[in-house]
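Input: a single structure, listed below in structure tokens.
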Amino acid sequence: MNSRFSIEISEVKGKLNIGKNPWYVEILLIIIMIPFLIIFVPIWAIGNGIDYLFVKPFQKENKFEDLKWTVLIENENLKIEKSEPSNIFLSKKEMDWLDEDPIYSLKSIPELPFLEGKIFSDFIAEFDNRVFLQRILPVEENNDFELKSELISIDLSNFGVETIKQFDYYYLESEIGKNELEINGIDQIGSKLNLKIKNTFANNV
């Protein structure tokens, strides 16, 4: 971002605690699970068989063009629309990572080519003539796959798009104070993100 802004970022990583139960707890869990599996597995198999034989053959093919769109933000300079959740168009790896978290595609008037083909959360914040969005970013290195995200801004005066910061996949919330945008995030294992964007020009006048 340009010199009129300063950015402060703090990130505290959580820990994934996977404890091992005592042996007697493990045996008790197995005893409890056996009747459940005996009942559940046949019901699951029958349900999937019915779905495969009588439902899927008659389902309409999902097409991106058929998604419904709603207005995410609209002002005198820019209109951004978000699709209904478009998880069905993701890869299996992406869907497994997201679990049930909805993601969206975006389009705008005027058209911003940057938005095309990318996926976003529903986070949005307006600050100092800019719109801030969270892009969901698949990353695969050395056969390791994970989702990260990045905060981007759209300048409403010239529609320039800028990446502010890349970080892990957080659930973001924002709060706007005097000459400052504060964004807080938390993830599934308790990691926390705090990001402050300050208008230094406004603070000095």
By residue number, the members of the stretch 69-84 that are surrounded by fewer than 16 Cβ atoms within 10 Å (Cβ to Cβ) and either small (Gly, Ala, Ser) or within 19 Å of the chain's Cα centre (by Cα) (or both) are TRP69, THR70, VAL71, GLU84
Among what's in the stretch 141-167 and is farther than 21 Å from SER6 by Cα and touching a residue at least 12 places away in the same chain (Cβ under 8 Å), pick the residue that is farthest from the chain's Cα centre (by Cα). PHE145
For the stretch 170-194, how many residues meet the condition of being open to solvent by less than 80 Å² (accessible area, probe 1.4 Å), out of contact with any Leu (no Cβ under 6 Å at 6 or more places or on another chain) and in a strand (DSSP E or B)? 10
Filtered residue count, the stretch 119-154, keeping only those that are in a strand (DSSP E or B) and either open to solvent by 30 Å² or more (accessible area, probe 1.4 Å) or more than 19 Å from GLU81 (Cβ to Cβ) (or both): 18
Somewhere in the stretch 88-100, is a residue open to solvent by 30 Å² or more (accessible area, probe 1.4 Å), part of a loop (DSSP other than H, G, I, E, B) and at negative phi? yes
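The values are calculated or read from the model by the stated rules, or taken from the named source; none is laboratory data. On a predicted model such as this, the values are computed, not experimentally measured, just so you know. Virtual Cβ from ideal backbone geometry, glycine too; neighbours counted across all protein chains shown. We work out accessible area using only protein heavy atoms, side chains counted, and drop any ligands, DNA or RNA first. Shrake-Rupley method; radii C 1.70, N 1.55, O 1.52, S 1.80 Å.
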